[in-house]
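The block underneath contains the structure these notes are about, expressed in structure tokens.
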Amino acid sequence: MTVRVRFAPSPTGYLHVGGARTALFDWLFAKKNGGKFILRIEDTDIQRSTRESEESIMQDLKWCGLYWDEGPDVGGIFGPYRQSERVSAGIYEEYANQLLEAGMAYYAIYELEDTKRILKRTTSEKEANKYRQKGHSITVNFKTPNGKTVFDDIAKGKMEFDNSTFEDLVIVKSNGYPTYNFAVVVDDHLMKISHVVRGEDHLTNTPKQIMLYEALGWEKPKFMHIPLILGPDKTPLSKRHGGTSVDYFRSYGIIDKAFVNYLALLGWGVENEIFDPFKKIESFDLHRLSSKPVIFDYAKLEWINGQHMRSMPVEELIEKFKSWLEGNYSKGLGWFENIEYAEKVMEICRQKVNNLKALKDFVEPFFVERPIPTQDAKKILDLPYVQSYLLSALGAIKMLNNWNVKNVERVIRTVAASENISKKKFFQLLRVALLGQTVTPGLFESIYVLGKERSLTRIQYVLNDISK
RNA sequence: GCCCUCAUCGUCUAGUGGUCUAGGACACCGGCCUUUCACGCCGGCGGCUGGGGUUCGAAUCCCCAUGAGGGCGCCA
């Protein structure tokens, strides 16, 4: 059997971390079994579905590295992959009619005054049309059969539901669109989906869908429901807890690899927590996924992000950082013209931060002609005798010819020792003069990376200001 | 209310009847390193939801209770 797994978002908003995790597991499962990963857009809610969110969802999936084999943009032999287009093709109508003809479904005619109350049920299309013309809204409802519905969930095992707990299911809305549960069944069948791996919020939809499979005489796929992601207070993760959209984490400065790493970690017990899920496809196993709701831990995500930032090749970090800058800031795009310099800067700055936003703050003073001092920095520059200390430093740096970190450290320490000031204060002063900030990478490394010329210029700038 | 699922440190997890005085990671606390802030290293705190069984033996199996999550839409 060919494994075919789908991710089927409805385009009514951004891609949520929970959705991204489901998609990741779908993808992993498909690839592990040499199967296909399919993207289907469930836009049967015509009021809330938009093309913009469809596009942003696709963009976010791609950012996560989750590319699909079949989908609305790339096509495939089971298309179209947008349900609205499948409605136009009459796909759902055909099967609704089939159920109607078999007497397994009926037209529900609602009262004119109270559109929630069913006035009459009939299987006659003629009769239904008569009411339709009089302005009654009409849906097609599936008659819940008697008995029990049983299925095996890959994670949870045997699942048994008494059908009497379910109402009859609306399968075609009064506007002619199929409802979720109906469209899903038709599409999963027609698209030859072998495994339905989705969020646990769909667990009780499954028996309803299975009743439909059975009524239509179709073989049902295998099901697996994965737990939901909660916020720290164990309520569903929402904006109150911080960001929830993939886009939020991207603009916050989380790197794609780290994000996917964390998502995979949530529920997947691994020995080494820092890893690339795309390189561990072989060891992925749906059965080993945790089955309890998991709490999203922003702190751990950031820690993982920091680990990735430090361990990836600098060139790669620069690529990630550049595209992040492009998306979030207008400046900074010229920072990497001198790539050799840029790499050195990134190398010393990445040691200190856990996200790209923080990295930007560290890196920026190195790239501007003259850093603008922060409030704290200004206070230090206003202290007495600053001029003489800076002059000493300037002289020492000027004299230094063999430019390396060791030598920089040696001369700076020598000057510090000879001055009537604590070395701590002296170092802070220099740091602020050179970079305009009280928190920076190591002082000697910074001076070394800035280079002799740049360092001298910057100190001179400050001296000029003081003498004014 | 009815139906379903789940239950190991604060969080994510390892653990599938004896190797568990329960292991790891994040967070937290303390120390080292140190020019700032971090990183890193070392150490600490901290848990099997409760009660009944089964068994020579239970975190592991069964039952009940409790708690948490989900569902019960012409939303998906």
- prompt: Hey, what's the per residue convex hull volume over the C-alpha atoms of the stretch A:74-125, in cubic angstrom?
  reply: 111 Å³
query: Just going by the charge dipole of the stretch A:313-367, with Lys and Arg at +1 and Asp and Glu at -1 on Cβ, which of A:Gly334, A:Phe362, A:Ile318 is farthest out on the positive end?
result: A:Phe362
query: Can you give the net charge of the other residues whose Cβ lies under 12 Å from the Cβ of A:Pro178, counting K and R as +1 and D and E as -1?
result: -4
message: Only four residue types carry charge here, +1 at the Cβ of Lys and Arg and -1 at the Cβ of Asp and Glu. Report the dipole size of the stretch A:1-91 about the Cα centre in Debye, rounded to the nearest 20.
response: 380 debye
query: Roughly how tilted is helix A:405-418, in degrees to the nearest 10 and between 0 and 90, from the longest Cα axis of chain A?
result: 50 degrees
task: At 0.36 nm per residue, minus the direct Cα-Cα distance, what do A:Ser88 and A:Asp276 gain on full extension? Give it in nm, one decimal, please.
output: 63.6 nm
- line: Long-range amide H partners of A:Ile171, meaning residues 5 or more apart or on another chain whose placed amide H is closer than 5 Å, are A:Val140, A:Asn141, A:Phe142
query: Treating the beta-carbon of each Lys and Arg as +1 and of each Asp and Glu as -1, no other charges, what is the dipole magnitude of chain A about its Cα centre, to the nearest 20 debye?
result: 1420 debye
message: Sorted from largest to smallest, which semi-axis lengths in Å does the alpha carbon gyration tensor of the stretch A:313-367 give for its equivalent ellipsoid, taking the root of 5 times each eigenvalue?
response: 14, 13, 11
- request: Based on other C-beta atoms within 10 Å, arrange A:Glu273, A:Glu282, A:Glu445 from fewest to most.
  value: A:Glu282, A:Glu273, A:Glu445
For the stretch A:93-107, 3J(HN,Hα) per residue [Karplus equation, 6.51 cos²θ - 1.76 cosθ + 1.60, θ = phi - 60°, Hz, x = Gly/Pro]: 4, 4, 7, 5, 4, 4, 5, 4, 5, 7, x, 8, 9, 8, 7
statement: Pseudo-spin-label distance A:Arg240 to A:Asp297, built 7 Å along Cα→Cβ, given in nm, is 2.3 nm
message: Quick check: the distance between the Cα centres of the stretch A:1-32 and the stretch A:182-223, to the nearest angstrom?
response: 15 Å
field: Where chymotrypsin sites (Phe, Trp or Tyr not before Pro) fall in DSSP loop in the stretch A:133-188, at most 16 other Cβ within 10 Å
entry: A:Phe166
- line: Between the residues A:Gly76, A:Val184, A:Tyr262, the Cα farthest towards the positive end of the dipole of chain A, that dipole coming from +1 and -1 charges on the beta-carbon of Lys, Arg, Asp and Glu, is from A:Tyr262
- prompt: With Cβ to Cβ distances under 12 Å as the rule, what net charge do the other residues near A:His136 carry (K, R +1; D, E -1)?
  reply: +1
Charge context of A:Lys220, other residues only, Cβ under 9 angstrom, K/R +1, D/E -1: -2
- prompt: Roughly speaking, what is the stretch gain from A:Glu167 to A:Gln98, that is 0.36 nm per residue apart minus the C-alpha to C-alpha distance, in nm to one decimal?
  reply: 22.8 nm
task: Using only Cα atoms, tell me the angle between helix A:314-328 and the longest principal axis of chain A; keep it within 0 to 90° and round to the nearest 10.
output: 70 degrees
task: Only Lys, Arg, Asp and Glu count, each charged at its Cβ (+1, +1, -1, -1), so figure out the dipole size of the stretch A:313-367 about its Cα centre, rounded to 20 debye.
output: 280 debye
message: Can you give me the angle between helix A:205-216 and the longest principal axis of chain A, using Cα atoms only, in degrees from 0 to 90, rounded to the nearest 10?
response: 40 degrees
query: Running Debye on chain A with equal point scatterers at the Cα sites and no solvent, what base-10 log of I(q)/I(0) appears at q = 0.12, 0.13 Å⁻¹?
result: -1.03, -1.15
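Every read-out reported here was derived from the displayed coordinates using simple, explicitly stated rules and does not represent laboratory data. On a predicted model such as this, the values are computed, not experimentally measured, just so you know. Reconstructed Cβ throughout: ideal geometry from the backbone, glycine too, with neighbour counts over all protein chains shown.
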